[in-house]
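The values are calculated or read from the model by the stated rules, or taken from the named source; none is laboratory data. Model, not experiment: these values are computed from the prediction. Reconstructed Cβ throughout: ideal geometry from the backbone, glycine too, with neighbour counts over all protein chains shown.
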Amino acid sequence: MKLVFFLPLVAAAALVGGSVAVAGDPSPEATRLVYQGADGIASCASCHQPNGWGDFERKAPSLSGLDPEYMAAQIRNFAAGNRKNELMDPIAKALNETQIAETTALYANLPKRSDASPPADPELAALGARIATRGAWDREIPACEQCHGPGGQGVDKNFPALAGQRSFYIQAQLNAWRSFSRKGDPNGMMKGIAERLSAREIEAVAAYYDSLGTAPAAEAPAAAPAAQPEGAP
Ligand code: HEC
Ligand code: HEC
């Protein structure tokens with residue numbers, strides 16, 4: 001009797017184990033940190049949400065589908081004081097390198113945010129689209145797409161996806177560069193751009209990327225390797 005039940009179970013376990021391994025099964029430690037918290041570290045999901053799409057109340061960004069090395073670099077930036085946030089700073093300081101690598105790998109493999117907000121103000125959305133795709137060269141503002149890729153889908157570990165982030169977060173980051181509270185961007189690339197944008201342009205480009213959504217990636221199977229940005233050459 002026991003044997004009859006045992007054999008199919010082993011077969012099923014082998015099947016599940018095999019298919020999950022391809023998708024990059026998160027480590028038990030990563031799963032614990034992200035969904036339950038551990039060692040006095042609050043669960044990542046308590047702020048970034050279980051689906052990783054971020055949270056308006058806590059002003060937490062979406063992490064799902066972001067490049068894992070980009071995320072790891074940002075956690076180190078919080079720990080080093082290059083970025084400042086009273087919620088994220090203590091978490092970043094408490095994480096060791098293994099925990100950083102494993103939690104960012106988990107989020108990189110989650111499906112990207114797909115609940116895009118339609119633009120409330122069409123005029124603002126049009127201005128945002130212009131800045132994103134053409135820039136404003138008379139004021140040395142390059143198109144955001146030149147670095148962040150077509151549709152703001154991100155390019156490798158250096159240029160994070162903007163599609164998938166909410167307006168409040170994009171605005172907060174551009175303002176953080178303007179006020180010297182976010183540093184650590186390679187060659188100060190973002191600081192210069194943020195300083196040349198007007199307050200209305202910041203609002204517009206943030207609304208534009210919030211409205212884009214990430215449809216192709218969101219529809220892809222969860223097993224798709226998240227480290228391959230669509231905009232990559
Ligand atoms: C108490 C709330 C809170 C918890 C818990 C938390 N975070 Fe955050 N996290 C934030 C906030 C808020 C920000 C945005 C800070 C800012 O605006 O600069 C952030 C930013 C980040 C970023 C930067 C993303 C980007 O696009 O640059 C990463 C990566 C990150 N968190 C990873 C994690 C991981 C991994 C965990 C769990 C180990 C975690 N966070 C736990 C609140 C939290
Ligand atoms: C010359 C290349 C370049 C251009 C052009 C550029 N960016 Fe960036 N951007 C970067 C880099 C590099 C980073 C990552 C900074 C870091 O590692 O801290 C970044 C990061 C960001 C972030 C932070 C995302 C996050 O997850 O925290 C926002 C928001 C952003 N850029 C908005 C824009 C907007 C809006 C435009 C167009 C007006 C733009 N960028 C144009 C290079 C660029």
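Of note:
Every residue, every condition in (1) in contact (Cβ under 8 Å) with a residue 12 or more places away in the chain; (2) touching a Gly at 6+ places or on another chain (Cβ under 8 Å); (3) in a helix (DSSP H, G or I), yes or no:
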{"residue": "R58", "(1), (2), (3)": "yes, no, no"}
{"residue": "I75", "(1), (2), (3)": "yes, no, yes"}
{"residue": "A101", "(1), (2), (3)": "yes, no, yes"}
{"residue": "A105", "(1), (2), (3)": "yes, yes, yes"}
{"residue": "S114", "(1), (2), (3)": "yes, yes, no"}
{"residue": "A125", "(1), (2), (3)": "yes, no, yes"}
{"residue": "A129", "(1), (2), (3)": "yes, no, yes"}
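- When region 39-55 is filtered for residues that are surrounded by 14 or more Cβ atoms within 10 Å (Cβ to Cβ) and of a type in the set (G, A, S), the ones remaining, listed by number, are A42, S43, A45, S46, G52, G54.
- Qualifying residue in region 38-52 (condition: at pLDDT 85 or above, in contact with a strand residue (DSSP E or B) (Cβ under 8 Å, 6 or more places away or on another chain) and of a type in the set (S, T, N, Q)): yes
- The set of residues in region 138-195 being of a type in the set (A, V, I, L, M) and in contact (Cβ under 8 Å) with a residue 24 or more places away in the chain consists of I141, V155, A161, L162, A163, I170, A172, L174, A176, M189, I193.
- Qualifying residue in region 211-225 (condition: modelled with pLDDT of 95 or more, surrounded by fewer than 21 Cβ atoms within 10 Å (Cβ to Cβ) and more than 14 Å from G65 (Cα to Cα)): no
- Criterion applied to L66, L33 was being at negative phi, buried (at least 18 other Cβ atoms within 10 Å of the Cβ), outside any loop (DSSP other than H, G, I, E, B) and modelled with pLDDT of 85 or more, and the one residue passing it is L33.
- Across region 49-77, the qualifying residues are those that are of a type in the set (F, W, Y) and within 11 Å of the chain's Cα centre (by Cα), and the one among them that is farthest from S114 (Cα to Cα) is Y70.
- So E102, is it of a type in the set (D, E) and either at pLDDT 95 or above or crowded, with 16+ Cβ neighbours inside 10 Å (or both): yes
- Of all residues making up region 136-156, the number that are assigned to a helix (DSSP H, G or I) and either within 16 Å of ligand 1 (Cβ to nearest atom) or in contact with a Phe, Trp or Tyr (Cβ under 8 Å, 6 or more places away or on another chain) (or both): 3
- Annotation note: of I131, I170, I141, the sole residue that is among the β-branched types (V, I, T), over 22 Å from D67 (Cβ atoms) and in contact with a Leu (Cβ under 7 Å, 6 or more places away or on another chain) is I141.
- None of L87, L95 is of a type in the set (A, V, I, L, M, F, W, C) and buried (at least 22 other Cβ atoms within 10 Å of the Cβ) except L95.
- Of the listed requirements (1) surrounded by fewer than 19 Cβ atoms within 10 Å (Cβ to Cβ); (2) under 26 Å from W53 (Cβ atoms), L110 misses just one: (1).
The rows are residues; the columns are (1) within 15 Å of ligand 2 (Cβ to nearest atom); (2) hydrophobic (A, V, I, L, M, F, W, C).
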position: N85; (1), (2): yes, no
position: L95; (1), (2): no, yes
position: A125; (1), (2): yes, yes
position: I131; (1), (2): yes, yes
position: W137; (1), (2): yes, yes
position: I141; (1), (2): yes, yes
position: C147; (1), (2): yes, yes
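- Taking the criterion of being more than 9 Å from ligand 2 (Cβ to nearest atom), more than 23 Å from D89 (Cα to Cα) and either part of a helix (DSSP H, G or I) or within 16 Å of the chain's Cα centre (by Cα) (or both), the residues of region 165-213 that qualify are E195, A199, R200, E203, A204, A207, D210, S211, L212, G213.
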